[in-house]
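Here is the structure we will look at, set down as structure tokens.
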Amino acid sequence: MAERRADCTWKRHISEQLKLRDRVQRQAFEELVHQYHRLLEKSDLQAVLSERYQTDKYDVQRGHESSASSDSSRGDALLQEMSQMRIKHQEELTELHKKRGELAQSVIELNNQIQQKDKEIQSNEAKTLEFQQQIMNLEGDCRELRSFLQDLERANQTLKDEYDALQITFSALEEKLRKTTEDNQELVSRWMAEKAQEANKLNAENEKDSRRRQAKLQKELADAAKEPLPIDPDDDIEVLAEDGGKGGETSPSRALSRTPSKRLSHPPPPGLLDSISNIFGRRAANSFSSSPENTEAPSGVCADVRVPSTALHVFEAHDGEVNAVRFSPGSRMVATGGMDRRVKLWEVVAGHCEAKGALTGSNAGITSIDFDSAGSYLLAASNDFASRIWTVDDFRLRHTLTGHSGKVLSARFLLDNTRIVSGSYDRTLKLWDLRSKVCMKTVFAGSSCNDIVCTEQCVMSGHFDKKVRFWDIRAESIVQELELFGRVTSLDLNHERTELLSCSRDDLIKIIDLRTNSVRQTFRSVSLETAASD
């Protein structure tokens, strides 16, 4: 049906083109044909008039011969009229010949135009055939495209059905995810509540234990004050005398000690009891030290604790939180790192900090800062899973150490300044060689590492799971683990590197003896007045 319609279309088009050509060419030749017909009519009229004049001439001659006696004047008039008519007809004949020549020239030109038009018609016919062939090819392409379109429509319908099915599945999964999220939130809330209860119980037990130890200490001190205290001149005891008849307070610079091996029968001086009473009668919050391995009385008492109350100098360091602060060794330079992705260097002059420069290059907030032993290089860990090293003199970025899959929470130089250790939220520790700029070792710690300190061959790391781990650099293994009562937040070593100071989330500060790998002392901030009343 479509092919018939297409055939009728191009035939109708050719017919209209032919009619249009006929109208155009007919208008061009219509005037010529009309003039040609007029010329033929005049030629026929001239022939008729010539015959008529010839007949009249013969009639006149016969009349003249027959009537020689007719009026000569009449004959002259007729001759004159005939001459005029002949001249007129001659002029008309000349004009007709002229027009005939013009018409003949026009006919030649029109014939040439007709030949040219015939050539154009042949060319148009050839083009028409070519166009018809193209039309046939295009129709074939159209049929193929229609078939392809039908296939696409079927495939599109199939995809639409699959999309609808996936949408239904997605809605079901989304609903399931929502319910799972609600259940998870409920479980987390319950877990947090249970943890809070456990923390409250643990705090209560710790408080009771602390009160028991304090009560026992007070009782023992009271008993010791009541019984006679033998004093020997050789004993290492310093008597604190009263000042003006009143119990004087102990000086923080004086030490109170006793040697129980030597006893004499002399009574204790009156100032000693008053001094001990004054020590425990302070209303300020003092610190007790005790060993968790030994439930007996603490080995020592901090007689006085001085807490800073006035800031020497306050200044705006970063455009956000400040996460790390460290002094450089052997100088008055301070480095600070913050959430603005910068490490800034400050020089302490006359109690004030003057900006020296900023170290840039980090893509996230700074979490830890460390100097090498010479103070020439600065190491910073950041939240973009990398550690970076700058030179302090020219503030240039020298190394970027990447490899962790979580935030790098701590990074430290080893004592040889050619290696560093980094601890990350991804529960791994990495040992880096700065000469080859590669990771030498990776150790899985099992928990997020919050801080690191180093000795010559040992690395100590504090973790989220309340443990302090001791690592042997040469063996890639844990030498020992020490579990505390809270998440370890920071570590530090004394100058001799024989004692480790740990800070944890249970509000305790512990001193760990590295020679025995055991907790030697525990410090807690409590109120003696409150403990005595309890």
Of all residues in the range 1-56, which are open to solvent by 90 Å² or more (accessible area, probe 1.4 Å), under 30 Å from Lys88 (Cβ atoms) and either without any contact (Cβ under 8 Å) to a residue 60 or more places away in the chain or touching a strand residue (DSSP E or B) at 6+ places or on another chain (Cβ under 6 Å) (or both)? Glu31, His34, His37, Arg38, Glu41, Asp44, Leu45, Glu51, Arg52
Identity of the residue in the range 359-368, within 19 Å of Asn450 (Cα to Cα) and under 23 Å from the mean Cα position of the chain (by Cα), that ends up surrounded by the most Cβ atoms within 10 Å (Cβ to Cβ): Ile366
Yes or no: Val453 open to solvent by less than 70 Å² (accessible area, probe 1.4 Å), under 31 Å from the mean Cα position of the chain (by Cα) and under 25 Å from Met339 (Cα atoms)? no
Given the conditions (1) at pLDDT below 90; (2) more than 30 Å from Leu40 (Cβ to Cβ); (3) not charged (D, E, K, R), every one holds for Leu177 apart from (1)
Among the residues of the range 467-481, how many are without any contact (Cβ under 8 Å) to a residue 40 or more places away in the chain and either touching an Asp or Glu at 6+ places or on another chain (Cβ under 6 Å) or open to solvent by less than 10 Å² (accessible area, probe 1.4 Å) (or both)? 3
With respect to the numbered conditions (1) farther than 19 Å from Ser461 by Cβ; (2) of a type in the set (Val, Ile, Thr); (3) in contact with a Lys or Arg (Cβ under 8 Å, 6 or more places away or on another chain), which one is the sole condition not fulfilled by Val392? (3)
Taking the range 482-501 and keeping residues under 15 Å from Cys458 (Cβ atoms) and either among the aromatic types (Phe, Trp, Tyr) or open to solvent by less than 50 Å² (accessible area, probe 1.4 Å) (or both) leaves Leu482, Leu491, Leu493, Asn494, Thr498, Glu499, Leu500
What residue, among those in the range 113-151 that are of a type in the set (D, E, K, R) and in contact (Cβ under 8 Å) with a residue 24 or more places away in the chain, is surrounded by the most Cβ atoms within 10 Å (Cβ to Cβ)? Lys117
Those strands (runs of 3 or more DSSP E) lying entirely in the range 298-358 with at least 1 residues modelled with pLDDT under 85 and surrounded by fewer than 12 Cβ atoms within 10 Å (Cβ to Cβ): 343-349
Among the residues of the range 428-439, what is the count of those that are in contact with a Gly (Cβ under 9 Å, 6 or more places away or on another chain) and surrounded by 19 or more Cβ atoms within 10 Å (Cβ to Cβ)? 4
Can Gln214 be described as open to solvent by less than 100 Å² (accessible area, probe 1.4 Å) and over 41 Å from the mean Cα position of the chain (by Cα)? yes
Within the range 397-405, does at least one residue satisfy the condition of being closer than 24 Å to Thr455 by Cβ and open to solvent by 70 Å² or more (accessible area, probe 1.4 Å)? no
Would you pick out the residues in the range 455-468 that are at pLDDT below 90 and assigned to a strand (DSSP E or B)? Cys458
Return only the number of the condition from (1) touching a residue at least 24 places away in the same chain (Cβ under 8 Å); (2) touching a Phe, Trp or Tyr at 6+ places or on another chain (Cβ under 7 Å); (3) open to solvent by 70 Å² or more (accessible area, probe 1.4 Å) that Phe385 does not satisfy. (2)
Residues Glu205, Glu249: which one is in a helix (DSSP H, G or I), modelled with pLDDT under 90 and open to solvent by 100 Å² or more (accessible area, probe 1.4 Å)? Glu205
Restricting attention to the range 407-445, and to residues there that are within 27 Å of the chain's Cα centre (by Cα) and of a type in the set (A, V, I, L, M, F, W, C), which single residue is nearest to Thr367 (Cα to Cα)? Leu409
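The values are calculated or read from the model by the stated rules, or taken from the named source; none is laboratory data. Fair warning: this is a prediction, and the values are worked out from it, not measured in the lab. Glycine also receives a Cβ, built like all others from the backbone with ideal geometry; neighbour counts cover every protein chain displayed. All accessible areas refer to the heavy atoms of the entire protein, side chains included, with ligands and DNA or RNA removed. Shrake-Rupley method; radii C 1.70, N 1.55, O 1.52, S 1.80 Å.
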